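**Q** Below: one structure in structure tokens.
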Amino acid sequence: MPKRRDEVDQRILDAALTRILQVGIRRSSLDDIARRSGINRVTIYRRFSGKDKLIEAVLERETERMLAEVGSILTGAEGIDERIEKTVLYVLRQTRMHRLVRQLLDVAPEEALGFYTVHGSEMVALGIGYIAGLLDRAQHANLIARYDSEPIAEMIARLAHSLMLTPTGGVDFTADEATHHFVRTTIVPMVKYGIATSSKESTR
């Protein structure tokens with residue numbers, strides 16, 4: 001569930017995001033953000049307890065926004081296989097190509113690696129919670145098999161995060177055809193049926 005933020009919070013977060021995209025995180029000061037948002041530095045500090053927490057909030061909001069778009073994809077797709085494929089492709093692409101990722105790599109590449117490593121756990125945790133919720137709802141609707149959704153959700157969330165900084169290696173996730181093939185042949189069956197174990201098989 002996305003956090004509730006009032007208009008003042010949103011103005012501060014918008015100003016912080018804009019400044020980060022311009023100069024990176026290290027060079028984005030609270031004074032810069034205060035000037036851009038029209039909200040004084042004391043108010044910003046009181047609401048976010050300093051720059052580090054503000055940056056975390058920016059990242060959290062952008063992740064929430066990305067995940068919220070999944071709903072429209074699920075509504076438009078036909079058939080469970082297509083829904084799974086389009087949803088996973090969207091998450092993988094957006095995690096890697098989101099403006100906060102690409103622009104930060106452009107303006108401050110040395111910061112990007114450290115930032116997305118240190119804050120990776122927060123992004124992965126948000127992704128796991130959201131994806132697990134989608135899987136649980138699909139199970140209740142008898143669209144996919146009944147299994148523990150957490151491990152599958154974690155695998156997808158961790159895959160998305162790893163591709164953000166390392167999209168090649170085995171499968172080339174910068175290539176559409178290779179990405180589609182991987183998702184269709186590996187992720188779709190895993191989401192539909194779960195991961196079989198020696199002691200208990202998932203059943204519909």
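The values are calculated or read from the model by the stated rules, or taken from the named source; none is laboratory data. All values reported here derive from a predicted model rather than from experimental measurement. Here the Cβ positions follow ideal geometry from the backbone for every residue, glycine too, while neighbour counts run over all protein chains shown. These accessible areas exclude ligands, DNA and RNA; they are computed on the full protein's heavy atoms, side chains included. Shrake-Rupley method; radii C 1.70, N 1.55, O 1.52, S 1.80 Å.
**Q** Residues that are farther than 19 Å from residue 183 by Cβ, at least 3 per element: which helices (runs of 4 or more DSSP H) completely within region 41-144 meet that?
**A** Passing ranges, in order: 41-48, 51-68, 99-107, 109-118, 120-140.
**Q** Filter region 145-189 for residues that are hydroxyl-bearing (Ser, Thr, Tyr), open to solvent by less than 60 Å² (accessible area, probe 1.4 Å) and not in a helix (DSSP H, G or I) and give the result.
**A** 147
Residue by residue, here is whether (1) aliphatic (A, V, I, L, M); (2) open to solvent by 70 Å² or more (accessible area, probe 1.4 Å) holds:
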| site | (1), (2) |
| --- | --- |
| 87 | no, no |
| 90 | no, no |
| 94 | no, no |
| 98 | no, no |
| 104 | yes, no |
| 113 | yes, yes |
| 119 | no, no |
| 131 | yes, no |
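**Q** While we're looking at this one, here's another question. Where residues in region 1-19 are modelled with pLDDT under 90 and surrounded by 13 or more Cβ atoms within 10 Å (Cβ to Cβ), which of them is farthest from the chain's Cα centre (by Cα)?
**A** The selected residue is 5.
**Q** Going by the structure shown, is residue 36 free of Cβ contacts under 8 Å to residues at least 24 places away in the same chain, part of a helix (DSSP H, G or I) and surrounded by 14 or more Cβ atoms within 10 Å (Cβ to Cβ)?
**A** Criteria met by residue 36.
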